[in-house]
Amino acid sequence: MSTIFVTGGAGFIGSALVRLLIAESDWTVVNIDKLSYAGNLESLAALEQNPRHIFSRSDICEREALDQLFATHRPAGVIHLAAESHVDRSIHGPAEFIQTNIVGTYTLLEATRAYWLGLGTAEKTGFRFHHVSTDEVYGSLGETGLFTETTPYSPNSPYSASKASSDHLVRAWMHTYGLPTVVTNCSNNYGPYQFPEKLIPLMITNALAGKPLPIYGKGDNVRDWLYVDDHVRALKLVFERGLPGETYNIGGHNEKTNLEVVDTLCALLDQLRPRSGGRAYAELKITVADRPGHDRRYAIDAGKIGRELGWSPLESFETGLAKTVAWYLANPEWIAHVVSGEYRHWMEKNYSNRTTE
């Protein structure tokens, strides 16, 4: 059994994971993604003809499609990343988050369980359902302290509440039905190929276009930043070596205020792509009304995955951000396609022969 399913594999973290699995393992990857607005197969252009990357345009809420995929490909496990993931969108339209993140996870769990029950003893034991979640399920920290795997859940947004619900479903399917599951909760990801609604790519794309750089409130909300390639290395490790029933927190050990992030980005761009007239990018900063229920601080204690599985981040915030900015500067076409919506036409043209509905 050399095949695994990756749901949400056309998204930011999912596509980074697919690229890693193809490059650094022998797994054949069935990439399951419904291609919502943030799904972008142009991020996987290098794998277009790779026989170990099989793309299926499928919705995790559709049980019949999932059953057919399991019957056809017979995977050794599932890494589940498919989710609606943007807090602002969840505030203005929570229904889609409830549907995908809760109902979708339930439907995927049931399809997985039905398939898993039909496996032989050894395959059942070796099977893994790896659910990828967020540190936002834990709520907001004060000035001190870190989230651990035993921190009580206290989600504060429709997004984090939907992810907390999905986490609980996964744990329940392990304890009730015996399905071998693992859960990971990560801090804020950044890096190449990130959809420009998130802070770092939004600031880069706005700055390059000479647009304002909007910062919520005073810009003093703190996040722990994790370079996406470090994250997906951890996901591969947990899927292959993590113990069923366990949770592993994954963080970058890089606490920064939003204002610090934007100022660092502006300084990098001043060096790498100076504005005309010698003007500083920081001049584009503006403050906007704070987001409703904006959590004050997130920070992860990633000691468990370090002790038990030997993982640690390779990138500091400074090195990871430098790589990220350099990638965006070197890939204006990718940015232009996302901003204009052209990436959807690219997918239809280049992946139509490898996409199943």
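Every number here is computed from the coordinates shown, using simple stated rules; none is lab data. A quick note: this is a predicted structure, and the numbers were derived from the prediction, not measured. Cβ placement follows ideal geometry from the backbone for every residue including glycine, while neighbour counts extend to all protein chains displayed.
Pairs with C-alpha atoms separated by more than 21 Å, drawn from the list Lys211/Lys285; Lys163/Lys256; Lys34/Lys163; Lys34/Lys236; Lys124/Lys236; Lys211/Lys256, are Lys163/Lys256; Lys34/Lys236; Lys211/Lys256. Loop-located GluC sites (Glu not before Pro) in region 73-138 (DSSP state other than H, G, I, E, B) with a sparse environment of at most 16 neighbouring Cβ atoms within 10 Å are absent.
Relative to its Kirkwood radius, the Cα radius of gyration of region 181-284 gives an Rg/Rh of 1.09. Dipole magnitude for the chain: about 200 debye, using +1 per Lys or Arg Cβ and -1 per Asp or Glu Cβ, origin at the Cα centre. Loop-located chymotrypsin sites (Phe, Trp or Tyr not before Pro) in region 233-299 (DSSP state other than H, G, I, E, B) with a sparse environment of at most 13 neighbouring Cβ atoms within 10 Å are absent. Between Ser85, Ser340, Ser15, which gets the highest mean-square fluctuation from a Gaussian network model of the chain, Cα cutoff 10 Å? In the Gaussian network model the winner is Ser340. Round to the nearest 10 and give me the degree value, 0 to 90, for the angle of helix 342-351's Cα axis relative to the longest principal axis of the chain. Result, in degrees: 30.
A dipole drawn for region 3-354 from +1 and -1 charges on Cβ atoms has a positive end, and of Thr125, Tyr138, Ala282 the residue lying farthest that way is Thr125.
Seen against the Cα atoms of the chain and their longest principal axis, helix 258-272 is set at about 70 degrees. Relative to the first principal axis of the alpha-carbon coordinates of the chain, what is the inclination of helix 63-73, with its axis defined by its Cα atoms, in degrees from 0 to 90 and to the nearest 10? Here the helix axis deviates by roughly 70 degrees.
Between Tyr37 and Ala267, the simple spin-label model (points 7 angstrom out along Cα→Cβ) gives 3.4 nm. Just so you know, the Rg over Rh for the chain is 0.96, from Cα atoms, with Rh as the Kirkwood radius.
If both residues of a DSSP beta bridge must be in region 3-354, then about 10% of such bridges are antiparallel.
The stretch between Ser154 and Glu62 holds 30.2 nm of extra length on full extension. This uses 0.36 nm per residue minus the Cα-Cα distance.
Net charge around Leu259, counting only other residues with Cβ within less than 11 Å of its Cβ (Lys, Arg = +1; Asp, Glu = -1)? Result for the local shell: 0. So, counting K/R as plus one and D/E as minus one, what does the shell of residues with Cβ under 15 Å around Ile305 add up to? Overall, the nearby charge balance is -3.
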